[in-house]
1. Answer with yes or no whether residue 103 is without any contact (Cβ under 8 Å) to a residue 12 or more places away in the chain, within 26 Å of the chain's Cα centre (by Cα) and surrounded by fewer than 18 Cβ atoms within 10 Å (Cβ to Cβ).
2. Residues of the range 16-41 being under 21 Å from residue 146 (Cα atoms) and either touching a helix residue (DSSP H, G or I) at 6+ places or on another chain (Cβ under 9 Å) or at pLDDT below 90 (or both), which ones?
3. Are any residues in the range 309-331 part of a strand (DSSP E or B) and either in contact (Cβ under 8 Å) with a residue 40 or more places away in the chain or not assigned by TED's automatic domain parsing to the domain that holds residue 213 (or both), and if so, which ones?
4. How do the pairs read when you match residues in the range 75-86 that are on the phi > 0 side of the Ramachandran plot with residues anywhere that are surrounded by fewer than 17 Cβ atoms within 10 Å (Cβ to Cβ) and assigned to a loop (DSSP other than H, G, I, E, B), using Cβ under 8 Å and keeping only pairs 6 or more apart or on different chains?
5. Would you be able to say whether some residue in the range 276-290 is farther than 26 Å from residue 206 by Cβ, surrounded by 18 or more Cβ atoms within 10 Å (Cβ to Cβ), within 23 Å of the chain's Cα centre (by Cα) and in the same structural domain as residue 240 (by TED's automatic domain parsing)?
6. Among the numbered criteria (1) surrounded by fewer than 17 Cβ atoms within 10 Å (Cβ to Cβ); (2) part of a strand (DSSP E or B); (3) free of Cβ contacts under 8 Å to residues at least 60 places away in the same chain, which single criterion is violated by residue 96?
7. Based on this model, can you work out whether residue 32 counts as surrounded by fewer than 16 Cβ atoms within 10 Å (Cβ to Cβ), touching a strand residue (DSSP E or B) at 6+ places or on another chain (Cβ under 9 Å) and part of a loop (DSSP other than H, G, I, E, B)?
8. Just to check your reading of the model, which residue among 138, 146 is surrounded by 15 or more Cβ atoms within 10 Å (Cβ to Cβ), touching a helix residue (DSSP H, G or I) at 6+ places or on another chain (Cβ under 7 Å) and either modelled with pLDDT of 95 or more or in a loop (DSSP other than H, G, I, E, B) (or both)?
């Protein structure tokens, strides 16, 4: 199935049915009076998040969706039937915004979450509502209200705890294959990953996290080079970024330090908030270096990195287990911190906390 993570659609709620003006015409009832019923309400358009769907491909080729119109009223005090609602299922993690204004409308980030995106029109009134003591044979009725209509922009942002960031062929797909059951394509040429892949990493029997692999980013992506920034949106929901760097490139002319700096610059151009997320440096392919510890230390010094550093080999598994346990501990700590923040009373004064002194990076293998 082709991976589609954005689509533009038009939705139309059903119009309300019209009310009618009719009168009783029965034997022995010469002055029957009005009996025109109301029109039915138009069907609404509802968006539903479904975890069994992982792409917006259903909305790439079918662009227009119309809910059912309400039936008109009829005589004998019969009201029109309401139109059926239209339920549109989208993947969990889909954000919906108004195409015309760009205003966000809803973020469907929970399975089963639903929202009425366009309300159906109200049915018109029959003439039974207009009879009075002085107007016993009203001939007026009202038409149904039109349903709401919107042009919507759907954007899918996958739900993952950890995102992989790096140049093409840095070993991101190999790493996700090594630590999870996901099987993305792996080959010896750039851009083998053409769409995001998700993998569940199970550390213990009841501890796991989700990791996202997106296509590689290259220098100049902001100007349209490579696959550009179109998949970086899938990293915006993550709580941790792993910057994978190929420390042993086949081409000796390639400078891993300059490539790492180029990736970070492109990330900053795309989104400052994404750039500010916690980010760890993961140096891959140390199995190809006879003096890996020395090369890793040289890279860290040349790069000027002050955060956490891991040296691994994704293909042989060296250092991968230690990295996954460190990620799990980080996610658990972040979850506890969020829960603690949620219990703090917003009106309470927050004392200033001293900032920890940064120490020299410790290379973890």
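The values are calculated or read from the model by the stated rules, or taken from the named source; none is laboratory data. Not measured: the values here are computed from a predicted model. Cβ coordinates were reconstructed from backbone atoms using ideal geometry, including for glycine residues, and neighbour counts include every protein chain displayed.
1. yes
2. Correct list: 19, 20, 21, 36, 37, 38.
3. Result: 309, 310, 311, 318.
4. 76/24
5. Yes, because at least one residue in the range 276-290 is farther than 26 Å from residue 206 by Cβ, surrounded by 18 or more Cβ atoms within 10 Å (Cβ to Cβ), within 23 Å of the chain's Cα centre (by Cα) and in the same structural domain as residue 240 (by TED's automatic domain parsing).
6. (1)
7. Yes, satisfied.
8. 138
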